[in-house]
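Peer 1: Please find one structure pasted underneath; my questions will follow.
The values are calculated or read from the model by the stated rules, or taken from the named source; none is laboratory data. If you're wondering where the values come from, they're calculated on a predicted model, not measured in any experiment. We place every Cβ from the backbone using ideal geometry, glycine too, and count neighbours over all the protein chains shown.
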Amino acid sequence: MQRRTIAPIFLVGLVLLAGCLSAPLQATTDGGVDATNATTISTTGTGEVTADADLAVVSIAVTTTADSADEARGTVADDVAAVRAALTDAGVAEDAIQTTGFNIYPEYDYSGQERDLLGYRATHTLRVEVAPDRAGEVIDLAVGAGASEIRGVAFTLTDEKRAELREEALTRAVDSAKADADAVASAADLTVTGVHTATVGGSASPGPYPVAYAEDAARASSGSTELSPGPVTVSATVQMVYEAE
């Protein structure tokens, strides 16, 4: 009876010992070691691609005040129609001019004991997409036709160009991650044999390029608006786990 009890216990001990001896290692770029997988190296790569903007987005606002809400609405409608006509007559496509906001609200004077209604303010905002070299022309045309504000200009990329640059940025990011993995493998007397997993991070590019534009000065000046957009950078990040031996 004693021999039957001791033999299984002895065998279980051998199995546990063998499991500990075969536990693998995992190498990481930060020098960490994980006793769960002896054949992986984890790295992170970043790639960037810079190019000239191929799209300008101009934000235009037409604002007016009137004694009644309907009068304010009508005046803004006429001014926006004039702005649209000026742009389309200059060759800007109708579908490149889109409404991004519209509101009418009362304005009050709170200086006295009771608030006094001053009138109603109406605002209609437009988004205009053109080639970068036409952004200044759009500003001049819009202000000349009755626009009250130029709220900003964004020099950016079309969807097609952005996708093209992102693909190149991802390629550079993977190359960077692979170079780090090879360096870690060499230092650890290992060789990278393949990709275990890959995770793609987000992309980034600059936001709007701000433009200050005073209505009165614009109407009084005979010069044209000239803008100088900077380059646009698209970046991508990848997290790679490589198999090594």
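Peer 1: Given (1) modelled with pLDDT of 95 or more; (2) assigned to a helix (DSSP H, G or I); (3) surrounded by 17 or more Cβ atoms within 10 Å (Cβ to Cβ), identify the lone condition not met by THR237.
Peer 2: (2)
Peer 1: Sticking with this one: Would you confirm whether any residue within the range 109-124 is under 22 Å from VAL153 (Cα atoms) and β-branched (Val, Ile, Thr)?
Peer 2: yes
Peer 1: Let me ask something additional. Would you call ALA96 more than 16 Å from VAL128 (Cα to Cα) and in contact with a strand residue (DSSP E or B) (Cβ under 8 Å, 6 or more places away or on another chain)?
Peer 2: Judged against the criteria, ALA96 is not a match.
Peer 1: Based on this model, can you work out whether ILE97 counts as surrounded by 12 or more Cβ atoms within 10 Å (Cβ to Cβ), free of Cβ contacts under 8 Å to residues at least 40 places away in the same chain and in contact with a Lys or Arg (Cβ under 8 Å, 6 or more places away or on another chain)?
Peer 2: The answer is yes for ILE97.
Peer 1: How many residues are under 29 Å from the mean Cα position of the chain (by Cα) and within 11 Å of ALA122 (Cα to Cα) when one looks only at the range 46-105?
Peer 2: Qualifying residue count for the region: 5.
Peer 1: Given the criterion surrounded by 15 or more Cβ atoms within 10 Å (Cβ to Cβ), over 21 Å from the mean Cα position of the chain (by Cα), at pLDDT 90 or above and more than 15 Å from ALA53 (Cβ to Cβ), identify the matching residue among GLY136, GLY146, GLY194.
Peer 2: The conditions single out GLY146.
Peer 1: If I go through the range 149-175 residue by residue, how many of them are over 24 Å from VAL83 (Cα atoms), surrounded by fewer than 19 Cβ atoms within 10 Å (Cβ to Cβ) and of a type in the set (Gly, Ala, Ser)?
Peer 2: Looking only at that region, the number is 1.
Peer 1: Could you figure out which of (1) in contact (Cβ under 8 Å) with a residue 60 or more places away in the chain; (2) hydrophobic (A, V, I, L, M, F, W, C); (3) within 24 Å of SER228 (Cβ to Cβ); (4) assigned by TED's automatic domain parsing to the domain that holds ALA82 isn't true of LEU165?
Peer 2: The failed condition is (4).
Peer 1: Let me ask you something else. Kindly indicate the residue of the range 63-94 that is among the polar types (S, T, N, Q) and touching a residue at least 60 places away in the same chain (Cβ under 8 Å) and also surrounded by the fewest Cβ atoms within 10 Å (Cβ to Cβ) among those meeting that condition.
Peer 2: My answer is THR63.
Peer 1: Among the residues of the range 41-62 satisfying the criterion of being within 13 Å of PHE155 (Cβ to Cβ) and touching a helix residue (DSSP H, G or I) at 6+ places or on another chain (Cβ under 8 Å), which is surrounded by the fewest Cβ atoms within 10 Å (Cβ to Cβ)?
Peer 2: ASP52
Peer 1: Could you say whether any residue in the range 176-188 is under 30 Å from THR46 (Cβ atoms) and among the acidic types (Asp, Glu)?
Peer 2: There is at least one residue in the range 176-188 that is under 30 Å from THR46 (Cβ atoms) and among the acidic types (Asp, Glu).
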